[in-house]
Structure formats: C-alpha cells, structure tokens
Ligand SMILES: Cc1ncc(COP(=O)(O)O)c(C=O)c1O
C-alpha cells in the first residue's frame, strides 16, 4: 500500500524551529505568518487583476483566522447552507454558494446568507432561480467544460459522466438568459497553464452568451501561492477576460490560502513488530487525514531522515487500512516521542471525524515571527457524543 502512494511535497519552513512538545497531542498547529504570506500573494493578484478572490471554506475554514482572511480577500465561497452561514457570520464580505443540489427547505436561508447562488443544472435553476432573483441574489450556473486536465478521475469534475456542472453543449439562450454569471471549477492543485487551456477549449462555444453576463467564476484548484505558479500569466488572463467580455471575474481558491501553513503533531503510542517495525500513533489516517486513504497520498514528515530506522505508522483505530505510510528516523523511535506531518492545514482539519471514538486533534495558532502560541480549541468526549444519539 505504502509503495503505491506518492508523497505530497511539503515545505517545513518555519516549523523546523517549532518545539512539538508545546501542544497537546494530536494537534493541528497553523502558522499565522504563513497564512498571511499566502493571503498577501492572493490579494496582490486580486489588486493587479481586478478579480474578486473568495476563500473556499471547504478547504480551510479555521474561523479563528477569519479576521486575517477577511483583511485580504473579498469574501468566501460556500458549499451549502452551513458554510454560507459560517462565511456570513465569521468572515463577512461576499458569500458565493454553490451546491450540486439544493433543498427547497434550505433556500430561504441560503438566499439570505448569499450574494451569489450558483446552480448545478438547468433544472435546479428553473426550480429556484426566480426566487433567488426576487431575493436580490445574483444567480449563476456551473458549467462543465468537458475538458479534463486532471489525471485522477475522483478529482476531475470533467471526467466522463461527471455530475458536476452543466455540459456546455446543453446550454441554450433561454438557460443563459436566466443567469447573471457562469461558474466553472475543473482544476485540482494546478498551475496557470491548465486554466488557460480549459478556457481556450470553451471560449468559442461560450462566446455567444458572454455579452449578456455580469460575471465569470473560475472556481478553485489554482495553486496560486506555490512558488512556481505563473501569477503574471494569471493576472494577464483575468485582465483580458474582464476587458474583452465586460465581466467581473471571481476565483475561489482554498488550498492556496493554507498551503504549507500547518502541521499535524502526533505522538508514538506503541512500537510493535510484525514482519517490520510498526508504530501505533495517536494520529489516525481515517479520522484525521482521510485524504491519505482517499486520494491516496503519503504526507511528508517533518524532518524525515534519508536513512536510519524505518517504521510503518498507523492510527489507533480498528481499521486495518488505517496506515499513514512508511517513515524513517535517524534514531530509533521511542514511545511518547512527538512527530509532525507537513501541510495539514487544508482538507485535513475540515475532514476530521470521530470514528472509533478517536479524539479530534486540538487546534493551535503559532506565530513563527514572535513564537507566540495559542491553543484555540480542544475537543473532548462531548464532541464525540453530540454527533450521535
Ligand atoms: C466549487 C469549488 N470551488 C472551490 C474549490 C476549492 O478548491 P481548492 O481548495 O483546490 O483551491 C473547490 C474544491 O473542490 C470546489 O469544488
């Protein structure tokens, strides 16, 4: 299993200097200096391109940092009623909500909370669009450009038979007349070139509809804060779209806000042997980093040695596949020893669960400039129990 996984690169950055024993275990530790650095890059792109950049809460909704996010970005993008409420309550600014399927009973509240409501299909648009307009909410439709840039079908909204977005060949003037904007989200952890190619694949087919639109939303999946991202290319692209089609442009990055900004600290609980050296830890792949199994990927370890003593790390749960991967230390591991996985601020904290009653990691904010540390949240038995009945 471990051999099939690719290691997701992670930059330890300032965390090399962080004393892992300063926090309870397990614990997400997010460096607010790293988040602020990412946000400054995004707000510079917004300033130079005129784009509205919204924080995708699905990736990173650590609302203790909402004031910081709100200082740099135009608002949030939500995947439904709860994220829309969190965006409105904690972040302010614009709220753009997209869901693959809305329920009639949620619509009044979603419309009260949202500035943009984006439908996945002409049928949902027909069902709720007039009500949204009457509520003064800007109406959008997600399109599916049918142009794949992703290699993994699970992460490719343009894969065959995808349920995400209306295929562009199903658009007609009547449908587009009922919307203010079109939305597309087709990328995953990608650079600028895939966005440019995707737009090139659909621009001609969308051309007849563009004059009637107020906005275009290019979704998320843009790794804008990665050092090698072609930000000049993105800025030029967004300026060209705004100028040639007379529309406002939106981006909804999630990962890019929290890229390389957080670690997940854990502790070794036991060191059994079975064909190889094993380590049971208080971090569970299935409960705390489910993408390790779903994607799958091998998270990078802070300070991993190139050679030395290797262990297969796994969680305390009953799941045989609750394996994080094989890792090497320069000295033998000890029970009670701390370690940390890199780049865990996005898509791990938001996906945690309490399967097996495994405790949720605490959440801490560290400032790598001042070394100040705040434990902002600790979870206990009540958090486990209150999800059940
Ligand atoms: C509609 C939509 N917008 C934005 C995002 C955020 O993407 P990312 O975190 O990869 O930037 C996603 C992620 O799945 C999405 O589905």
Nearest 10 degrees, 0 to 90: helix 32-49 Cα axis against the chain principal axis: 20 degrees
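Please give the contour-minus-distance gain from residue 232 to residue 123: 0.36 nm per residue of separation, less the Cα-Cα distance, rounded to one decimal in nm.
Working: separation 109, 0.36 × 109 = 39.24 nm, distance 3.84 nm.
Additional length available on full extension: 35.4 nm.
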Report the label-to-label distance for residue 334 and residue 389 in nanometres (one decimal), using points 7 Å from each Cα along the Cα→Cβ vector. 4.8 nm
Could you check the simple spin-label distance between residue 369 and residue 162, using points 7 Å along Cα→Cβ, in nm with one decimal? 3.9 nm
If a paramagnetic tag sat 7 Å from the Cα of residue 82 along the Cα-Cβ line, which residues of the range 50-70 would have the backbone N under 11 Å from that point? none
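Grab the beta carbon distance between residue 47 and residue 276, set R0 = 45 Å, and tell me the FRET efficiency rounded to 0.05.
Values: r = 53 Å, r/R0 = 1.17.
Using R0 = 45 Å, I get an efficiency of 0.30.
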Rounded to the nearest Å, the spacing of the alpha-carbon centers of the range 202-247 and the range 54-115 is 22 Å
Angle between the Cα long axis of helix 231-245 and the longest principal axis of the chain, 0 to 90 degrees, nearest 10? 20 degrees
For 322, 228, order by how many other beta-carbon atoms lie within 10 Å, fewest first: 228, 322
What area, in nm² and to one decimal, does the C-alpha convex hull of the chain cast on average over all directions? 19.8 nm²
Please work out how much length the chain gains when fully extended from residue 356 to residue 64, using 0.36 nm per residue of separation minus the C-alpha to C-alpha distance, in nm with one decimal. 102.4 nm
Using a 10 angstrom cutoff on alpha carbons, build the Gaussian network for the chain and name the most mobile of 128, 119, 60. 128
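Would you mind calculating the relative contact order of the chain from Cα pairs under 8 angstrom and at least 6 residues apart, reporting the percent as a whole number? Let's see the in-between values first.
Values: 837 pairs, mean separation 82.9, N = 389.
Over the chain, the number comes to 21 percent.
Assuming R0 = 35 Å, can you tell me the calculated FRET efficiency for the pair residue 214 and residue 71, based on Cβ-Cβ distance, to the nearest 0.05?
On the way: r = 26 Å, r/R0 = 0.75.
Given R0 = 35 Å and the Cβ-Cβ separation, E is 0.85.
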Do you know the relative contact order of the range 50-258, to the nearest whole percent, from alpha carbon pairs under 8 angstrom that are 6+ apart? 21 percent
Residue of 122, 272, 167 that the Gaussian network model of the chain assigns the largest fluctuation, springs spanning Cα pairs under 10 Å: 272
Looks like the range 50-258, by Cα gyration tensor root eigenvalues a ≥ b ≥ c and the a/c under 1.5 rounded cutoff (else prolate when a/b is bigger than b/c, oblate otherwise), is rounded
Within the range 287-313, what residues put their amide N at less than 18 Å from the label point 7 Å along the Cα-to-Cβ vector of residue 152? 287-301
Given a 10 angstrom Cα cut-off, can you work out which residue in 345, 66, 295 is the most mobile in a GNM of the chain? 295
Evaluate the distance, in nm, between pseudo-label points positioned 7 Å from the Cα of residue 104 and of residue 135 along their respective Cα→Cβ axes. 1.5 nm
Which of rounded, prolate, oblate describes the range 287-389, given a ≥ b ≥ c as roots of the alpha-carbon gyration tensor eigenvalues and a/c under 1.5 marking rounded, otherwise prolate only if a/b is larger than b/c? oblate
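Laboratory data are not the source of any read-out in this text; all were calculated from the coordinates shown. Source: prediction; values computed, not measured. Positions of Cβ are backbone-derived with ideal geometry, glycine not excepted, and every protein chain shown enters the neighbour counts.
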